[in-house]
1. If a residue has to be farther than 16 Å from Ser67 by Cβ and under 15 Å from the mean Cα position of the chain (by Cα) to count, how many in region 275-289 make the cut?
2. For region 145-164, check the following and say yes or no: at least one residue is more than 19 Å from Val221 (Cα to Cα), out of contact with any helix residue (DSSP H, G or I) (no Cβ under 7 Å at 6 or more places or on another chain) and among the β-branched types (Val, Ile, Thr).
3. Can you name the residue in region 170-227 that is more than 30 Å from Leu37 (Cα to Cα) and small (Gly, Ala, Ser) and is also modelled with the lowest pLDDT among such residues?
4. What's the number of the condition Met273 fails, among (1) buried (at least 20 other Cβ atoms within 10 Å of the Cβ); (2) aliphatic (A, V, I, L, M); (3) in contact with a Gly (Cβ under 9 Å, 6 or more places away or on another chain)?
5. If you scan region 272-300, which residues turn out to be touching a helix residue (DSSP H, G or I) at 6+ places or on another chain (Cβ under 7 Å) and of a type in the set (D, E, K, R)?
6. Taking only pairs six or more apart or across chains, which ones have beta-carbon atoms under 6 Å, a first residue in region 109-122 that is surrounded by fewer than 24 Cβ atoms within 10 Å (Cβ to Cβ), and a second residue that is in a helix (DSSP H, G or I) and modelled with pLDDT of 95 or more?
7. Could you say whether any residue in region 236-246 is surrounded by fewer than 24 Cβ atoms within 10 Å (Cβ to Cβ), out of contact with any helix residue (DSSP H, G or I) (no Cβ under 8 Å at 6 or more places or on another chain) and not charged (D, E, K, R)?
8. Quick check on this structure: which one of Asp76, Asp100, Asp84 is modelled with pLDDT of 95 or more, under 27 Å from Arg215 (Cβ atoms), out of contact with any strand residue (DSSP E or B) (no Cβ under 7 Å at 6 or more places or on another chain) and not basic (Lys, Arg)?
Amino acid sequence: MLLGGGLGSLAALGGTSVWAADRYLIDDVQVAHASSLEAGTTTAEAAGTGTSTATSYTSETASVTISTVESGTGSDRLTYFVADVTVSKATVVRSAFAQDEFGQNIIADPSTIAGDVGAVLAINGDYYGFRDTGMVIRNGIVFRDSGARQGLAFYTDGRVELYDETATTAAALLADGVWNTLSFGPGLVEDGAVLPGIDDLEIDTNFGNHSVQGRQPRTGVGMVSTNHLLFVVVDGRSEGYSRGVTMSEFAQIFVDHKAQVAYNLDGGGSSTMVFKGDLVNNPLGRGEERGTSDIIYVAG
């Protein structure tokens with residue numbers, strides 16, 4: 001989660017800003033035209049409570065219902081968005097990279113990425129390009145095999161599971177039928193219950209501020225049952241509109257919506273939901289998107 005001032009605050013870090021600028025501000029394209037690759041390959045081979053309103057979409061391949069939930073008043077006001085998604089087959093849920101390129105520091109607004117691929121529904125992904133570790137399998141293609149943390153795996157049979165990246169390989173995941181992986185965390189829900197201790201965890205993906213605790217804007221994804229998913233975006237850091245949620249509060253939202261598994265993604269100013277080309281949420285109360293590396297989306 002890119003907290004506080006995000007990348008714009010790096011200049012205040014003195015000597016470390018040179019390293020940060022090299023790593024996070026200079027485009028490093030490792031795979032161009034990523035969407036043209038064929039599934040089953042590697043890139044090396046390829047070179048709560050409250051009021052709710054809803055809107056929906058239905059096709060032969062996907063059903064999407066988005067609910068807006070609002071509760072509390074004043075400094076305790078909370079606004080979040082739950083997209084209840086059912087797909088005919090797991091591969092309808094896909095990933096896309098900014099500018100259709102895999103690498104570091106390549107970004108675009110989530111709505112732009114979503115528009116490029118004709119997504120019906122999209123949320124920001126794990127901002128894989130902000131680091132050089134973690135499993136990156138997208139749409140059945142291995143882009144990175146560098147296990148470092150707890151990940152989330154989407155299988156072609158419609159299952160979604162938490163897993164330990166350090167205990168496997170990308171080739172093994174692909175052989176087991178993994179279609180997409182996400183690498184951020186932590187896991188929020190397993191076996192239908194909130195995982196313990198998540199309010200005390202830190203993650204290793206945020207340069208300069210490793211904490212993701214407290215009430216924050218959040219993005220996450222969960223599974224209710226095979227091919228039945230939840231995409232959740234919580235707005236925050238906007239007094240009088242939405243305070244954000246703690247990690248355990250975020251997990252409870254998924255449990256309240258019957259999720260058996262749920263996982264935390266990049267949040268803060270990155271938290272974004274796009275539906276049929278329109279921005280659903282209100283990032284940081286300003287209605288402005290922040291560029292990111294990738295999205296998870298429902299194909300039209």
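1. Qualifying residue count, region 275-289: 2.
2. The answer is no, given that none of the residues of region 145-164 is more than 19 Å from Val221 (Cα to Cα), out of contact with any helix residue (DSSP H, G or I) (no Cβ under 7 Å at 6 or more places or on another chain) and among the β-branched types (Val, Ile, Thr).
3. Gly208
4. With respect to (1) buried (at least 20 other Cβ atoms within 10 Å of the Cβ); (2) aliphatic (A, V, I, L, M); (3) in contact with a Gly (Cβ under 9 Å, 6 or more places away or on another chain), Met273 is out only on (3).
5. Within region 272-300, Glu289, Arg290, Asp294 qualify.
6. none
7. Checked against the condition, which is being surrounded by fewer than 24 Cβ atoms within 10 Å (Cβ to Cβ), out of contact with any helix residue (DSSP H, G or I) (no Cβ under 8 Å at 6 or more places or on another chain) and not charged (D, E, K, R), region 236-246 yields at least one hit.
8. Only one candidate passes the filter, namely Asp76.
The values are calculated or read from the model by the stated rules, or taken from the named source; none is laboratory data. Model, not experiment: these values are computed from the prediction. As a convention, Cβ positions derive from the backbone with ideal geometry for all residues, glycine included, and neighbour counts pool all protein chains shown.
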